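Asker: Just dropping this structure here.
The values are calculated or read from the model by the stated rules, or taken from the named source; none is laboratory data. Just so you know, these numbers come straight off a predicted model, no measurement behind them. We work out accessible area using only protein heavy atoms, side chains counted, and drop any ligands, DNA or RNA first. Shrake-Rupley method; radii C 1.70, N 1.55, O 1.52, S 1.80 Å.
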Amino acid sequence: MKIFSKEQIYEGDLLTAKKQNITSTELMERAGIQIFNWLHVRMQGAQVPIHVFCGIGNNGGDGLVVARHLITHGYNVKTYVVNCSDKRTKDFLINYDLIKQTTKKWPDMLACEADFPEIHKDDIIVDAVFGIGLNRPINDWVKILFQHFKKSEAFTLAIDVPSGVYTDKVIEDENGVVWANYTLSFQSPKLIFFLPDTAKFSTQWEVIDIGIDREFLFTTETSSEIIGKNEVLPIYKPREKFAHKGDYGHSLIIGGSYGKIGSVLLTSRATLSIGAGLVTSFVPKCGYQIIQTAFPEGMVVTDESATIISKIDYDIEPTVIGLGIGVGTDEKTIKAFEVFLKENKIPLVIDADGLNILSQKKALLKLLPKHSVLTPHPKELERLVGKWDNDFEKLEKAKKLSKKYNVIIVIKGANTITVFEDKLYVNTTGNPGMATAGTGDVLTGVITGLISQGYEALAATVFGIYLHGKAADIAIEDLGYQSLTASHIIDALGEAYIDLFKQPEQPQSKEQKTDDKK
């Protein structure tokens with residue numbers, strides 16, 4: 001699913017009105033009705049007080065449409081206009097006149113704190129104040145209004161985006177933002193729903209289809225994309241009946257040091273479990289018995305050192321190399337890493353201390369093969385790109401690094417984001433149970449194993465992150481968040497593959513339920 005920019009959304013609205021021969025007011029009516037329908041289906045006429053707060057722009061116009069339809073269907077509605085400017089949009093004014101024709105209870109004008117209505121915990125707030133059109137700091141009394149919403153603890157539904165949030169830049173003051181329980185986003189999600197700095201302003205979100213021109217939606221290129229099952233299914237490569245292990249590559253996993261062999265074990269197991277044909281682990285001598293015992297399907301090559309990687313030397317021909325897991329930053333290891341990069345031409349997936357070494361010696365970045373995959377956690381990313389003040393700056397820094405060295409960067413988090421040049425791929429699988437040791441090592445193995453099978457690096461990264469998160473989602477069904485371990489994710493990778501082809505369960509009819517009971 002594409003994430004459209006604010007400018008693209010405006011373009012889509014104009015094009016839709018033109019191609020469908022409708023006015024912008026009619027498109028607003030369509031959008032407002034969809035919001036009303038969402039509420040109506042859930043409330044079924046319940047007489048809970050509903051407070052609809054409307055700005056004086058197009059988001060406010062959407063709110064007036066919602067309020068009008070709630071009124072005509074007999075709901076207990078109170079409408080307010082947040083009078084924060086002298087400017088009004090045409091469609092707001094049209095819908096303001098329409099609601100005045102619908103009810104004798106005209107919207108209350110709010111211009112200061114003294115005008116604020118009383119809101120109770122069991123009431124409902126509909127936020128239609130600013131939407132995506134906000135482009136300036138808001139008035140102090142409006143900030144106090146938003147705090148009034150929050151203090152009431154009433155269920156708050158935001159239209160398109162929570163008011164006070166920008167779609168493309170950082171928020172100046174969190175007190176000037178609506179904290180929504182639910183956001184109904186027109187036609188596509190917004191990037192801010194997936195960034196730690198801004199996702200907190202809406203507990204849940206849902207996309208509402210308002211009939212934007214389909215050709216525009218399909219053909220418009222966006223700089224961000226949501227990755228779900230529909231997006232990864234076309235990436236999947238089915239296996240041939242007469243295939244053999246040689247068809248799926250030989251992955252080499254280089255890593256480990258004394259006390260950190262478990263990381264290599266997890267990565268190696270994940271690499272094979274995701275489908276690599278052969279896996280060899282290159283570890284210090286202290287890891288030989290551990291890997292051979294715990295991972296009988298794999299092969300082991302050891303360093304001349306007993307405790308660290310001191311010289312990367314092997315006699316196999318790997319398809320892809322996963323590098324850096326648990327290696328530490330001993331001077332001999334850094335030297336071995338440097339010598340290896342100068343000679344290597346094989347695709348790389350680099351994680352953990354491999355990234356820390358690159359951070360210490362940034363000149364080594366130019367030695368990375370084209371489309372190498374870097375999988376940093378936040379602190380490792382900071383060492384690579386420098387500190388950032390907000391999520392938007394973090395993404396820009398990651399894009400800059402990606403373009404400069406032609407690499408793929410994985411920004412791990414609740415919604416892991418793959419960065420390649422100027423494009424973002426936002427993952428939708430995964431859960432808080434993954435905040436545990438070793439899950440990053442597993443992801444390195446998953447991506448390495450997919451590249452081993454012939455997936456291009458970017459496709460392997462996007463697909464691998466999805467499968468990794470999906471496996472965790474499947475595993476927590478039996479384990480819960482707190483008990484999930486990295487090994488559980490490896491064990492569920494097969495089910496994550498199978499889930500790709502599962503059809504959603506259809507709701508049963510009353511007759512089917514009766515037959516089942518018999």
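Asker: Accessible area of region 41-124 with a 1.4 Å probe: how many percent of it is carbon plus sulfur?
Answerer: In region 41-124, the share of accessible area belonging to carbon and sulfur is 50 percent.
Asker: Whenever you get a sec, compute what percent of the accessible area on region 235-348 sits on carbon and sulfur atoms (1.4 Å probe).
Answerer: Of the solvent-accessible surface of region 235-348, carbon and sulfur hold 51 percent.
Asker: Would you mind checking the pairs LYS229/LYS285; LYS90/LYS121; LYS19/LYS190 and listing those with alpha carbons more than 30 angstrom apart?
Answerer: From the list (LYS229/LYS285; LYS90/LYS121; LYS19/LYS190), the Cα-Cα distance tops 30 Å for LYS229/LYS285; LYS90/LYS121.
Asker: Let me know the shape class of region 26-88, please: from the alpha-carbon gyration tensor, a ≥ b ≥ c as square roots of the eigenvalues, rounded when a/c is under 1.5, otherwise prolate if a/b is greater than b/c, or oblate.
Answerer: oblate
Asker: Measuring with a 1.4 Å probe in the full set of protein chains, what accessible area per residue, in whole Å², belongs to the chain?
Answerer: For the chain, the per-residue accessible area is 46 Å².
Asker: For the full complex of protein chains and a 1.4 angstrom probe, list HIS250, HIS73 by accessible area with the highest value first.
Answerer: HIS73, HIS250
Asker: Taking 0.36 nm per residue of sequence separation and subtracting the Cα-Cα distance, how much length would be gained by fully extending the chain between TYR314 and GLU338, in nm to one decimal?
Answerer: Gain in length upon complete extension: 7.1 nm.
Asker: Once a ≥ b ≥ c are taken as the square roots of the eigenvalues of the Cα gyration tensor of region 60-153, is the result rounded (a/c under 1.5), prolate (a/b larger than b/c) or oblate (a/b not larger than b/c)?
Answerer: Cα axes put region 60-153 in the oblate bin.
Asker: Could you tell me the center-to-center distance, by alpha carbons, between region 149-213 and region 445-495 in angstrom?
Answerer: Value for the Cα centre distance between the two parts: 30 Å.
Asker: Aspartates and glutamates within cross-link reach of LYS105: Cα-Cα under 20 Å, excluding same-chain residues under 8 positions apart?
Answerer: The qualifying aspartates and glutamates are ASP62, ASP97, ASP115, GLU118, ASP123, ASP127.
Asker: Which whole-number percent is the relative contact order of the chain (Cα, under 8 Å, 6+ apart)?
Answerer: Computed over the chain, the figure is 11 percent.
Asker: By how many degrees, 0 to 90 and rounded to 10, does the Cα axis of helix 261-273 deviate from the longest principal axis of the chain?
Answerer: In the chain, helix 261-273 runs at an angle near 70 degrees to the longest axis.
Asker: Once you've got the Cα coordinates, tell me which of LYS200/LYS470; LYS143/LYS470; LYS342/LYS412; LYS404/LYS502 are over 31 Å apart.
Answerer: LYS143/LYS470; LYS404/LYS502
Asker: Tell me whether the chain comes out rounded, prolate or oblate; compute the Cα gyration tensor, take square roots of the eigenvalues as a ≥ b ≥ c, and use a/c under 1.5 as the rounded threshold.
Answerer: In terms of gyration-tensor shape, prolate.
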